[in-house]
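These notes concern the structure reproduced below.
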There are 2 protein chains.
Amino acid sequence: MDMEARVHSEHPEALRLWLRLLTCTQLVEKEVRSRLREQFDTTLPRFDLMAQLERAPDGLKMNELSRRMMVTGGNVTGITDQLVAEGLVERMDVEGDRRAYRVRLTARGRRQFAEMAQEHEQWIVDAFSGLAERDIATLHRLLGKVKAHAQQGQAESV
Amino acid sequence: MDMEARVHSEHPEALRLWLRLLTCTQLVEKEVRSRLREQFDTTLPRFDLMAQLERAPDGLKMNELSRRMMVTGGNVTGITDQLVAEGLVERMDVEGDRRAYRVRLTARGRRQFAEMAQEHEQWIVDAFSGLAERDIATLHRLLGKVKAHAQQGQAESV
């Protein structure tokens, strides 16, 4: 059963494109979630949180960390607590603000993330291996237009 | 702050494409969620559930309905109960199986969905209006390759 086949509308091209975009994202995400679970016994929100910290060597305040997460639906505070308990993340005081703190990866967290990131990269390369290099570049460019248009629209509506 | 700018890897093209695909999907989905809330005081899982029923005039069993949902994370049974209470969906007995039932849109549910679907289509047309017709066709074709490759991979791993 193919959802896309069942669309009927006056402007089917844009709707079909949207359903296909959603389907592709979900298929790749499902693959990543299942491999993270099988190979590293972890979840996508945990991986995402560690990825954001890996890109911020000085650590992040909790609100910055929440804002940077790519995956929605994870409980950032709960995941952080878990990772701290496992010795993968540490809390640091913020100078001049007794109530705030930053979080960053520990050395062990960095090692564990590097191992997962290497595998993750290969899964993503595999996910797009049905495309020629030229196709990847074209897709990236066209999605860039979609992104720019959407960001412009959302900035205007604020 | 742009997530894509912070990727460093040996195969950056596929990773950048994946992050951009995820970002575009999230931007469009965010726009649709916010408009559904503002204009119809409803949610994306409710809209999605009604969309699946609209395409199945004979109704669907609950397991079929769950399988067809495009949006993950919604509680299909809970949403169905709500929609039944609001007179938008009705339960029908399944002949020969006393414990099973099908659900379908009521006449009122069909009218309400048609109104939302018309607006929804315009939001999607607007979301992709940064692209020329030719670009939409190219994007649809290239994402078709990604989808076919992903579905093939997941079928093999079953």
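Numbers below:
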| quantity | calculated |
| --- | --- |
| When residues of the range A:30-58 are limited to those that are in a helix (DSSP H, G or I) and free of Cβ contacts under 8 Å to residues at least 24 places away in the same chain, the one surrounded by the most Cβ atoms within 10 Å (Cβ to Cβ) | A:GLN52 |
| Count of the range A:122-140 residues which are over 17 Å from A:CYS24 (Cα atoms) and charged (D, E, K, R) | 2 |
| Check on B:MET92, free of Cβ contacts under 8 Å to residues at least 40 places away in the same chain and either within 30 Å of B:GLY130 (Cβ to Cβ) or within 20 Å of the chain's Cα centre (by Cα) (or both) | no |
| Considering residues of the range B:59-76 that are in contact (Cβ under 8 Å) with a residue 40 or more places away in the chain and not aliphatic (A, V, I, L, M) only, the residue farthest from the other protein chains (Cβ to nearest Cβ) | B:GLY59 |
| Unique match (being surrounded by 18 or more Cβ atoms within 10 Å (Cβ to Cβ) and in the same structural domain as A:LEU21 (by TED's automatic domain parsing)) among A:MET116, A:MET69 | A:MET116 |
| Complete set of residues in the range B:85-105 that are assigned to a loop (DSSP other than H, G, I, E, B) and at pLDDT 95 or above | B:GLU86, B:GLY87, B:LEU88 |
| Among (1) touching a helix residue (DSSP H, G or I) at 6+ places or on another chain (Cβ under 7 Å); (2) within 9 Å of chain A (Cβ to nearest Cβ), the one test that B:HIS149 misses | (1) |
| Candidate set from the range B:106-146 (those that are assigned to a loop (DSSP other than H, G, I, E, B) and of a type in the set (A, V, I, L, M)); member that is nearest to the other protein chains (Cβ to nearest Cβ) | B:LEU131 |
| Residue ID - nearest to A:LEU44 (Cα to Cα), chosen from residues in the range A:59-84 that are assigned to a loop (DSSP other than H, G, I, E, B) and among the hydrophobic types (A, V, I, L, M, F, W, C) | A:VAL71 |
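The values are calculated or read from the model by the stated rules, or taken from the named source; none is laboratory data. The model shown is predicted, which means the values in this text are computed figures rather than measured ones. Quick reminder, even Gly has a Cβ in these numbers, built from the backbone with ideal geometry, and neighbours come from all protein chains shown.
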